[in-house]
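Since the structure comes first, as structure tokens, the remarks are kept for the end.
Rule-based calculations on the coordinates, nothing more; no lab input. All of these numbers come straight from a predicted model, not from anything done at the bench. Cβ atoms come from the backbone with ideal geometry, glycine included; neighbour counts cover every protein chain shown.
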């Protein structure tokens, strides 16, 4: 199942809001709670619809309690998020009504204030991001049409964009992660009936190669111990990046359509399942699933990140390893 477009989500939202205005004469905004994340807090991006705002949520990892850190404005069409080594939150958005000209933004974790970092250029339909070890941000975007997927490095200070790879099989890149050796891994959902897969960009040569062919790859994570996980639809698997072999660790159950993937300090995984409207914890050793949070503001969660127990410092985050601790 492909991730719903920002345009579809936003159009649905505006139609429902218009209906509310006609029936009630007024819209009741959802309540926001200003709270800064602490160690282990799960951060989730969710698109607006009807009385729900485009929002960045904080989820308590124990109780599942939800609060809103930031909402609306630049968060329209927010697709993915990552926490940087200097404890800032970055996100990529496809913009209002998914007009194609996406942007990269920074969200202050204390105040929720939003700052535009970069827009336009190669940021056309961006869907995923991660931090590299040098503090730059790696973004994947679908581009203007089929076979124009692109991987971009963005300077977090200046917003300058550098293309690392494009085309050559990249159709609909959704997730991205950085391995410990600096290689970049990309999860490509494909463009039916053409398969996507998992790709790698060699850190030395810049060569783009396909490790796995298939459809439904939405998220990728390099964990703190170097293990690579991929997820999509109702399944999470381990990936051997040497052989390309996939080993399913959890499937079905509460899982419906996974879009976001990250790891807690315990080594357990947390996923954002859009269709289920849940944050779900998965034990990679047993495959056991536990619902952390559901309902309330979680009507279609997309991106997910875990706030570190200690400052990240030299750690790196992927779309999953710092989101690979380097993700």
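For this structure, a couple of remarks:
- Across segment 73-214, the relative contact order, built from alpha-carbon pairs under 8 Å that are at least six residues apart, equals 14 percent.
- Using a cutoff of 8 angstrom between alpha carbon atoms and counting only pairs six or more residues apart, the relative contact order for segment 180-292 works out to 15 percent.
- Once you divide the Cα radius of gyration of segment 6-306 by 2.2 N^0.38 Å, the number left is 0.94.
- Computed on segment 6-306, with alpha-carbon pairs under 8 angstrom and 6+ residues apart, the relative contact order is 12 percent.
- Restricting the calculation to alpha carbons of segment 122-246 gives Rg and Dmax of 13.3, 39 angstrom.
- A Förster radius of 25 Å combined with the Cβ-Cβ distance from residue 155 to residue 213 puts the calculated FRET efficiency at roughly 0.15.
- Protection proxy ranking, peptides 254-260, 150-156, 85-91, 217-223, average beta carbon neighbours within 10 Å, highest first: 217-223, 254-260, 150-156, 85-91
- Extension gain, residue 265 back to residue 111 (0.36 nm per residue minus Cα-Cα distance, nm): 53.0 nm
- Potential lengthening of the chain between residue 251 and residue 148 amounts to 34.0 nm, from the contour at 0.36 nm per residue minus the alpha-carbon distance.
- Cβ crowding within 10 Å averaged over residues, with 171-179, 244-252, 113-121 ranked highest first: 171-179, 113-121, 244-252
- Paramagnetic label reach from residue 133 (point 7 Å along Cα→Cβ; backbone nitrogen cut-off under 13 Å): within segment 151-184, residues 178-184.
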